[in-house]
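S.K.: The structure under discussion is supplied below as structure tokens; questions concerning it will follow.
Read the figures in this text as sums done on the coordinates, not as results from a lab. None of these values were measured; they are calculated from a predicted model. Positions of Cβ are backbone-derived with ideal geometry, glycine not excepted, and every protein chain shown enters the neighbour counts.
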């Protein structure tokens with residue numbers, strides 16, 4: 001029996017297949033309007049990569065905003081639970097996990113067994129999330145990848161102090177259109193610093209403890225991670241595929257259930 005984890009987010013759906021203690025495959029696909037359809041499409045693609053199909057014997061654990069809407073899973077787990085287990089699988093030494101997703105930011109304290117000791121999140125406003133950065137990229141008229149590279153050229157950045165996303169957007173627009181305009185690299189650095197400021201507020205609320213790992217799609221942004229490391233004062237752990245952490249954690253839980261004798 002294979003262990004599967006699936007994380008259905010607002011923008012992407014992630015699937016991880018585990019066999020024994022090794023990841024067989026993972027897949028990241030855009031989420032559609034229907035969570036079940038998105039989940040089935042992602043599962044079929046991931047299974048195809050492993051030369052498996054839906055007729056094989058699986059134990060599936062789901063998580064994410066659409067995790068409870070799937071009729072064919074054996075378990076549904078909270079995103080924070082799965083994040084903690086996924087981060088522990090990737091980095092056993094991690095004691096603080098920062099998940100920066102499309103619409104929320106979670107900060108978790110993790111013990112030596114990959115269980116949550118404490119956690120806080122920020123999901124009342126888009127500021128400090130992936131959606132916020134996408135809006136900033138549109139205002140800046142450049143891809144997210146270009147923004148990330150550009151930020152390394154900045155020596156400083158303007159303070160973006162808007163508490164809510166709409167106010168922060170107004171500040172960025174004013175820097176873009178002022179005469180003379182604020183250099184683009186400084187604006188980008190200012191945007192990243194505003195996001196990092198919100199993340200640090202959450203981290204300080206529960207206490208910063210090494211090692212620190214960053215996961216979620218936004219962790220792919222090297223420029224933002226670099227500014228976060230400067231704020232922390234030390235190097236941060238980032239996996240090669242940070243967006244699959246929760247799905248990986250769900251797969252770990254599925255494998256543990258199999259080992260305990262769970263039926264499909």
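S.K.: How many angstrom lie between the C-alpha centres of segment 1-46 and segment 187-264?
M.R.: First find each Cα centre; the distance between them is then 19 Å.
S.K.: Using only helices, what value at 222 nm comes out for the chain when you add -39,500 (n - 2.57) per DSSP H run of length 4 or more and divide by the total residues, to the nearest 500 deg cm²/dmol?
M.R.: Values: 8 runs with 108 residues, N = 264.
Mean residue ellipticity, 222 nm, calculated: -13000 deg cm²/dmol.
S.K.: Angle, helix 222-232 long axis vs. longest principal axis of the chain, Cα atoms, 0 to 90°, nearest 10?
M.R.: Result, in degrees: 80.
S.K.: Additional query: Enter the angle in degrees (range 0 to 90, nearest 10) between the Cα long axis of helix 130-140 and the first principal axis of the Cα atoms of the chain, meaning the one along which they spread out most.
M.R.: 40 degrees
S.K.: Which order, highest average first, do 79-88, 230-239 follow once you tally other Cβ atoms within 10 Å for each residue and take the mean per peptide?
M.R.: Highest mean packing first, the order is 79-88, 230-239.
S.K.: What is segment 4-45 by shape, rounded, prolate or oblate, if you read a ≥ b ≥ c off the alpha carbon gyration tensor as root eigenvalues and call it rounded for a/c under 1.5, prolate for a/b larger than b/c, and oblate otherwise?
M.R.: It is prolate, given that a/c is not under 1.5 and a/b is the larger ratio.
S.K.: Next question. Could you give the angle, 0 to 90 degrees to the nearest 10, between helix 184-206's Cα long axis and the longest principal axis of the Cα atoms of the chain?
M.R.: 60 degrees
S.K.: Rounded if a/c is under 1.5, else prolate if a/b is larger than b/c, else oblate: which is segment 1-110, with a ≥ b ≥ c the root eigenvalues of its Cα gyration tensor?
M.R.: It comes out oblate by the Cα gyration axes.
S.K.: Please give the peptides 139-147, 3-11 ranked by average Cβ packing (other Cβ atoms within 10 Å per residue), highest first, as a rough proxy for protection.
M.R.: Details: 139-147: 15.3, 3-11: 26.3.
Top to bottom by mean Cβ count within 10 Å: 3-11, 139-147.
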